[in-house]
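Below is one structure, written out as structure tokens; comments come after it.
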Amino acid sequence: MNNSVGNSARLIGAGLRALLVLTVICGVIYPLAVTGVAQALFNDKANGSEVEANGKVVGSELIGQRYDLPLKKGQETAEPDLKWFQPRPSNGLGENSVNTQYKLILSGATNLSGDNKDLIQQVKDAQAAVIKDNSTPGHPIKPSDVPAEAVTSSGSGLDPHISPEYADLQVHRIAAKNHLKAEQVQKLVDEHTDGRILGFVGEPRVNVLQLNIALKELTEKG
């Protein structure tokens, strides 16, 4: 009986010591080491690829954001602020439908099939809006000019990039709204267009946040 109690006590003690050692190693030392290495070698990425403007963090290179006008009375969806380059649509999943106590904006794809009537109508409406918003005197936009990402949301709903084609399409509108020359705005787009990774991976892309920061700097100079 005494041997059994003694063995049990030794096993419990060994288990507690192992728990303590593993807690210190896995719960303290390892996280601190990983955090230290990340901060030392990959500081920007470890902190979320933050983007600063005028000394303030204004977003992340990895997360898209909207550029909309303030909601007017009675409006459910804000209108885009056409002084800025617009990103991909990001209606995604809409408001939180799981816990209605909190009004959260969720991101994601619509999960509608390609032949879904609602999705087809959404794309048509988005295309019509892009044509209307971006057509300027002497520079009408045709339906064939509108790229796919201008009328469809990404899988996450938070894509920070648009194609150079969509950025180019917005140049004359941006110039007119901000009293700039189209050549000035086009130069901004060209300067902020990233090519394929390693020359062959992915597609050329433009980070909308970075582009709008540069646009703001240009308008403030003028």
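Where a number appears in this text, it was derived from the coordinates with a stated rule and is not lab data. None of these values were measured; they are calculated from a predicted model. FYI the Cβ positions are ideal-geometry reconstructions off the backbone, even for glycines, and counts take in every protein chain you see.
Give the Cα extents of region 101-199 along the principal axes, in whole Å, largest first.
Taking max minus min along each principal axis of the Cα atoms, region 101-199 gives 45, 36, 34 Å.
Just how far, in whole angstrom, is region 143-222 from region 1-76 if you go by their alpha carbon centroids?
34 Å
Tell me the label-point distance for the pair LEU119, GLU203, using the 7 Å Cα-to-Cβ offset, in nm and rounded to one decimal.
1.7 nm
Under 20 Å from a point 7 Å along the Cα-to-Cβ line of LYS56: which residues of region 195-217 have their amide N that close?
In region 195-217, the label zone of LYS56 (backbone N under 20 Å from the point 7 Å along Cα→Cβ) covers 208-217.
Calculated FRET efficiency, TYR67 and GLN39, Cβ-Cβ r, R0 45 Å, to nearest 0.05?
Working from the Cβ atoms, E equals 0.90.
Structure shown: which of LYS73/LYS132; LYS142/LYS181; LYS124/LYS221 lie over 27 Å apart, alpha-carbon to alpha-carbon?
LYS124/LYS221
Could you tell me the largest-minus-smallest coordinate of the C-alpha atoms of the chain on each of the three principal axes, in descending order and whole angstroms?
97, 43, 41
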